[in-house]
Amino acid sequence: MAKKNLTLVTEFLLIAFTDHPDRAFPLFLLFLFIYLTTLLGNLGMIILIHVDHRLHTPMYFLLSHLSFMDICYSSVTVPQMMAVLLELGAALSYTRCAAQFFLFTFFGSIDCYLLALMAYDRYVAVCQPLLYVTIMTQKARVGFVAGAYLAGLLSALVRTVSAFTLSFCGTNEIDFIFCDLPPLLKLTCGDSYNQEVVIIVFAIFVIPACLVVILVSYLFIIVAIMRIPSAGGRAKTFSTCTSHLIAVSLFFGTLIFMYLRDNSGQSSEEDRVVSVFYTTVIPMLNPLIYSLRNKEVKEALRKILNRAKLF
């Protein structure tokens, strides 16, 4: 009897914003502007790090990969959002929805790992400055980034397989802007306990585990800064960490609100606002955060602009 009540879902319908058609085109233009700004800002950051030899350091090596992930992360979701807005809804095949979920999880997980690695990099730079060159070698940082990519791939594979072996029944309408976990779980039926446990365990492994690395790293950094005798020295040392702290607070704050809270009673409107923030706004802000708060990046940018004026 249970099997007869299950509806075989072959496609999902994204219906976000269809209840406010008058807002669709203005929102489309807004997302287009944000997406183009994200692409230009992060691509510019990657090029800047590549061409300026002063930025060939472990911290900027990790930052270049973070910028690349932000481009990929945003490209998985924002074009889909714009299609939903233009068409006042969009149909996604089961396979395409699973692929979008996999890529979103893959790039998002790598973002988490890279932010944790950047916290470790700051810990070594502040707490063990004499050993920084020997610890953060070219081989070590390539190994760290490769490990982040591998861990992101494993996490995405397990979560995607677990999510899309669930039984979906009833409506196939997703009141959301892309195939994400919270709206998909609302469509499930039957016994999904084992899959949901796996999904939750991997969410706990990625987000809190990375947060532990970040918090422990900054605990040691704060202790080391407090030992610096001069106020100017403390401020200068801490300033090297502020950009990263801002990026971590924005990214992990929204992820925790979205994935590690009780979703019961939460409105789709609230979920959409939060998801728009971490999928579109944060990838756009990261290049601004690291350029406006970083003297080396501003000097490198000024150098390139001055060189361009000569031509």
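None of the figures in this text is laboratory data; all of them are computed from the coordinates on show. Please read all numbers here as calculations on a predicted model, not as lab measurements. All Cβ positions, glycine included, derive from the backbone under ideal geometry; neighbour counts span all protein chains shown.
Evaluating 6.51 cos²θ - 1.76 cosθ + 1.60 at θ = phi - 60° for every residue in the stretch 37-51, the Karplus couplings come out as 5, 4, 4, 5, x, 6, 5, x, 5, 4, 5, 4, 5, 6, 8 Hz, glycine and proline recorded as x. Each residue, A231 and I246, gets one label point 7 Å from its Cα in the Cβ direction; the gap between the two is 2.3 nm.
Just to confirm the number: angle between the C-alpha axis of helix 282-292 and the first principal axis of the chain, 0 to 90 degrees, nearest 10? So the helix axis and the longest Cα principal axis differ by about 10 degrees.
Per residue, the Cα convex hull of the stretch 1-129 amounts to 151 Å³. Rg ratio for the chain: its Cα radius of gyration over 2.2 N^0.38 Å, N being its residue count, equals 1.10. Using a Förster distance of 45 angstrom, determine the FRET efficiency expected from the C-beta separation of A140 and F25, and round it to 0.05. So, using R0 = 45 Å, E works out to roughly 0.35.
Stretching L131 away from I47 to a fully extended chain increases their span by 27.4 nm, per 0.36 nm per residue minus the current alpha-carbon distance. Remark on A16: its backbone amide H falls under 5 Å from those of F176, a criterion applied only to residues 5 or more positions apart or on other chains, H modelled at 1.01 Å from N. Each helix, a run of at least 4 DSSP H residues, gives -39500 (n - 2.57); summed and divided by the residues of the chain, these come to -25000 deg cm²/dmol at 222 nm.
The amide H of S167, built 1.01 Å from its N in the peptide plane, has C189 as neighbours under 5 Å, considering only residues 5 or more places off or on other chains. Note on the chain: Lys pairs 8 or more places apart or on different chains, Cα atoms under 27 Å apart, count 9.
Judged by the mean number of other Cβ atoms found within 10 Å, the most tightly packed of the peptides 105-116, 81-92, 211-222 leads the ranking 105-116, 81-92, 211-222.
Here the translational diffusion coefficient of the stretch 68-201 follows from Stokes-Einstein with Rh set to the Kirkwood radius across Cα pairs; for 4 °C and 1.567 mPa s it amounts to 76 µm²/s.
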